[in-house]
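Report on the following structure.
The values are calculated or read from the model by the stated rules, or taken from the named source; none is laboratory data. Nothing here was measured: the structure is a model prediction, and the numbers come from that model. Here the Cβ positions follow ideal geometry from the backbone for every residue, glycine too, while neighbour counts run over all protein chains shown.
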Amino acid sequence: MARLNLLNLNFGPRTHEGAPARNISTELQLRRSVLACLLWESQFYEDGVEIAGRIAELVPKVAAEKVAALAVEGREKMKLRHAPLLLVREMARHSTHRGLVAETLMGVIQRADELAEFVAIYWKDGRVPLSAQVKKGLAAAFPKFDEYALAKYDRGGPIKLRDVLFLAHAKPRDEKQAEVWKRLIAGELTAPDTWEVVLSSGADKREAWERLLRQQKLGALALLRNLRNMREVGVDESLVLAALGSMSTARVLPFRFLAAARYAPQWEEALEQAMLKCVAGQEKLSGKTIVLVDVSGSMTALLSHRSEMQRTDAAYGLAVLLREIGEKVSVFSFSDSLVEVPGRRGFALRDAIDASQRHNSTQLGKAVTELNQKHGYDRLIVITDEQAHDTVPAPKGKGYVINVASYKNGVGYGTWTHIDGWSESVVEYIRTLEQTAQ
């Protein structure tokens, strides 16, 4: 039984570690909770579940129109998928928020599979009837998608697209769409012309890749992930170079290009050009940023058992990105000692970090201590697998530790903002977090 006779000096809110914390509005608390989902939305680990509970608690405390606006912003600007759906699901629980559910749900559903994902979220705690506003929103969203989109995401699972169609009582826009929906119900949609479908059909791999490249049917990530496969089957190099030169690089971060170059080094020049293009238009991080990269021996391990990318791909890629978007950036490596890396760009910066010192121990505390003593900065971003051999002091400015090794995700403890688990959205998270703190 808990002791009740304790001295309670109520000096206000505290952090998890017991430090004084600043009171922020419920709207800002909700916004920060949603921002945290930038980091691991597709991998809903235990801290993701904790964040979902916090979102559920905060939604009824924030005005309905502000929650709706955050849901739409989360989907359109932050490119989140599950968190906006969760916001709408929580809105549907409360009479004060239900009036905006249909319009908001229609706005946040932008991919066909999100129709079924929303119903799965709605039924997470048990099957209950869909509210009238939810049915209205699903019915309004369903006609957005053509046969290609429906076929691409008509996957197996407990909730299928045709189930959502029946539940929502959606109405087709015209006879052509009505025919598509009949084929959806019957399971007779035309298979989409994607690289996964084409290659699984047994087609000649070289011919299949070359046709997909000519017809520009490969997205940026599919192109980068399959460069090694194209090289192995002898795809026409001119087609590959043309695709790399014209690819859309929106929201593709440098570590993808670094990983691709390791398996297809003959196309490194084109990959570097595309990589630098992808960061050219990004919003600047103000002030002085120091990037401290772990180059200890364990950093050459894979990011996960399902990935071919190494922890160094994530670390070096983030350094390349910050070198381009920071107002003033210095890059250091640490292992046995702290080493300042020459101010290079692109793949040359990757090479300089990798060759900066022996890949040995992880003296992170020693490195941060030396930085604090000799260098001023507004933010210190450490990229590491956290196999530190010594005690790590507090940062002098804003401090971020990005753990590229952990399978468990979490944000914020101690004097550092702690980010466990690598994500493409980590820089956007840092930028937006700092903006909300102003």
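Which number in (1) modelled with pLDDT of 95 or more; (2) assigned to a helix (DSSP H, G or I); (3) of a type in the set (S, T, Y) marks the one condition that T289 misses?
(2)
Return the only residue of E114, E76 being closer than 27 Å to Y429 by Cα and either among the hydroxyl-bearing types (S, T, Y) or touching a His at 6+ places or on another chain (Cβ under 9 Å) (or both).
None of the other options fit; the residue is E114.
From the list K328, K396, K366, which residue is surrounded by fewer than 21 Cβ atoms within 10 Å (Cβ to Cβ) and assigned to a helix (DSSP H, G or I)?
Sole residue among the options that is surrounded by fewer than 21 Cβ atoms within 10 Å (Cβ to Cβ) and assigned to a helix (DSSP H, G or I): K366.
Would you check if L241 is part of a helix (DSSP H, G or I), hydrophobic (A, V, I, L, M, F, W, C) and under 22 Å from T300 (Cα atoms)?
Criteria not met by L241.
Can you confirm whether region 185-205 contains a residue that is closer than 30 Å to V279 by Cβ, loosely packed, with under 12 Cβ neighbours inside 10 Å and of a type in the set (D, E)? Break it down stepwise before answering.
To start, the set of residues in region 185-205 that are closer than 30 Å to V279 by Cβ comprises 194-196.
From what is left, the residues that are loosely packed, with under 12 Cβ neighbours inside 10 Å are 196.
Okay, now just the ones that are also of a type in the set (D, E), so 196.
Looking through region 185-205, at least one residue is closer than 30 Å to V279 by Cβ, loosely packed, with under 12 Cβ neighbours inside 10 Å and of a type in the set (D, E).
Just a yes or no: is a residue in region 137-145 assigned by TED's automatic domain parsing to the domain that holds T104, touching a residue at least 40 places away in the same chain (Cβ under 8 Å), more than 25 Å from the chain's Cα centre (by Cα) and crowded, with 16+ Cβ neighbours inside 10 Å?
yes
Is there a residue in region 130-143 that is under 17 Å from V59 (Cβ atoms) and assigned to a loop (DSSP other than H, G, I, E, B)?
Yes, region 130-143 contains a residue that is under 17 Å from V59 (Cβ atoms) and assigned to a loop (DSSP other than H, G, I, E, B).
Which of the residues that make up region 127-155 are among the small types (G, A, S) and under 19 Å from H82 (Cβ atoms)? Explain how you work it out, then say what you get.
Of all residues in region 127-155, those among the small types (G, A, S) come to 131-132, 137, 139-141, 149, 151.
Hits for region 127-155 are G137, A141, A149.
What do you reckon, is V88 within 14 Å of Q133 (Cα to Cα) and either at pLDDT 95 or above or crowded, with 18+ Cβ neighbours inside 10 Å (or both)?
The answer is yes for V88.
Given the options L165, L130, name the one that is buried (at least 18 other Cβ atoms within 10 Å of the Cβ), of a type outside the set (G, A, S) and either closer than 28 Å to L253 by Cβ or touching a residue at least 24 places away in the same chain (Cβ under 8 Å) (or both). Explain how you work it out, then say what you get.
Values: L165 fails: either closer than 28 Å to L253 by Cβ or touching a residue at least 24 places away in the same chain (Cβ under 8 Å) (or both).
Residue meeting the stated conditions: L130.
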